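The values are calculated or read from the model by the stated rules, or taken from the named source; none is laboratory data. The model shown is predicted, which means the values in this text are computed figures rather than measured ones. Please note: Cβ atoms are built from the backbone with ideal geometry, for glycine as well, and neighbour counts cover all protein chains shown.
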Amino acid sequence: MSSAHSSFLFPREQVFDWNALALGNHHRDQAFPFGACKRYLFLWARNAIFHGLTALEISPGDRVLVPAYLCAAAVEPILAHGAQVDFYNVRRDCRVDLPDLESRLGPKTRALLVVHYFGFPQNIQQIKQLCSRFGLALIEDCAHVLNGEFEGRPLGSFGDIGIFSWHKFLSVYDGGELVINRAGRDLRVNWTPERSLFTLKVARNLLGSRASASGKNLSKFQSRWIQRANSALRRLVSNSRQTQIRSLNLNDPAFDPHLVNWPMSRLSRWILDHSNVSEIVEKRRRNYEFLQERLTRIAGIRPLHSRLPVGVCPLVFPVFFEGFPNAHLSLRQLGIPATTWGFVRYSGVESGVFPDADFLFDDLVFLPLHQSLEENHLKMIVGAVETVIHCRTGTFQSREVRLEAL
Ligand SMILES: Cc1ncc(COP(=O)(O)O)c(C=O)c1O
């Protein structure tokens, strides 16, 4: 079976949509995601991790504990900073395995990184207490959080630093944020000025996502205008001699030290400032509830979480196809952009060392639920899941079969 399908039945990512912006007088609430001491907007969250270690005064040779179930993009900046990485177990329900974590603390362990997977909070209060007990800095990785809380307090505000990845939720090309929650900590970044070609690339990407979407909400004139502007920008970018920007691919999970001082682009900041976050949260929650309600009726399907807690904004719909590893490959053949974390796994952890992480990398499938999906898309997802469950060993060769199956 092939591992990827290039033409999906609906957009893989959320599509840029003017209607999703709150224009007029609206401006990002300065307290969003919460009123942190210091905040820095980077190209992406991995840069925020790198600089966050400087803010925490982590020195070369210090050790940072990170979960074994993690993408390379969060591990590589720590190594690039000069720190050593140790891993701790995450249970099959994606909860931090506290006894295992404690057993891996050593004399040089200085910091602990914890992930609120897919936007669902860990018991971060308990983890914070453990950090205080052992004198560790807490890195609260909120790359999967748009907003959310634990016991009434915003996620990202528990750690000494918090990391956010806005491009995962908003229809922006780039954007991650570092928040520093400890007073007195400061950071000097030698920012790389934004190049005009990069601004054009960001604009092209926005128009590209709009142009490839269905003509929804667009007149013929608007569609044609967008397609022309998109082609002109694509030509400009691809003819440029600035190879670094031309070849920059923000879907690449690798950490690139040449980009470490790049700020979030101006255009993406503008969109972040004007995004209607509460509407996005509401739409994602609605999409999650729809999938939850339909998928739990299917035998052999088990969502990672049995309910969506109040205030959680899910990144994806995480689900197990019981006894059926890598079920996302079959879903992709049906045109559904499902995925797992298998393809972004950090290669430094051999399989077999953390069996729970191995299981999650292979078996935990992420179904899309982004805010630009409508009910018909969600029904397609449910239909495809049913088809995959019914034809567990089947392959879906032709588009006709794919559509028929839906
Ligand atoms: C848990 C976690 N932390 C950090 C990152 C890095 O985010 P970014 O792609 O914005 O650099 C990712 C990326 O997927 C992630 O999943």
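Here are a few things to note about the model shown:
- Count - residues of segment 129-146 that are of a type outside the set (Val, Ile, Thr), within 16 Å of the ligand (Cβ to nearest atom) and assigned to a loop (DSSP other than H, G, I, E, B): 3
- Tally, over segment 147-176, of residues that are at positive phi and within 8 Å of the ligand (Cβ to nearest atom): 1
- Filter result (of a type outside the set (A, V, I, L, M) and either in contact with a Leu (Cβ under 6 Å, 6 or more places away or on another chain) or under 13 Å from residue 158 (Cα atoms) (or both)) within segment 110-133: 116, 118, 119, 121, 122, 123, 125, 126, 128, 129, 131, 132
- Checking 122, 126 one by one, the residue that is more than 16 Å from the ligand (Cβ to nearest atom), touching a residue at least 12 places away in the same chain (Cβ under 8 Å) and either basic (Lys, Arg) or farther than 30 Å from residue 235 by Cα (or both) is 126 and no other.
- Checked against (1) on the phi < 0 side of the Ramachandran plot; (2) out of contact with any Phe, Trp or Tyr (no Cβ under 7 Å at 6 or more places or on another chain); (3) crowded, with 19+ Cβ neighbours inside 10 Å, residue 118 passes all but a single condition, namely (1).
- Residue pairs meeting the criteria (Cβ under 9 Å; at least 6 apart or on separate chains; first exposed (fewer than 12 other Cβ atoms within 10 Å of the Cβ), in segment 379-406; second modelled with pLDDT of 75 or more): 395/330; 395/333; 397/333; 399/335
- Residue 206 vs. criteria more than 19 Å from residue 78 (Cα to Cα) and at pLDDT below 95: yes
- Among all residues of segment 355-369, there is at least one that is part of a loop (DSSP other than H, G, I, E, B) and at pLDDT 90 or above.
- Within segment 167-203, the set of residues being in a loop (DSSP other than H, G, I, E, B), at pLDDT 90 or above and of a type in the set (D, E, K, R) comprises 174, 188, 194.
- Any hit, segment 56-73, residues being touching a residue at least 40 places away in the same chain (Cβ under 8 Å), farther than 24 Å from residue 347 by Cα, surrounded by fewer than 24 Cβ atoms within 10 Å (Cβ to Cβ) and within 15 Å of the ligand (Cβ to nearest atom): no
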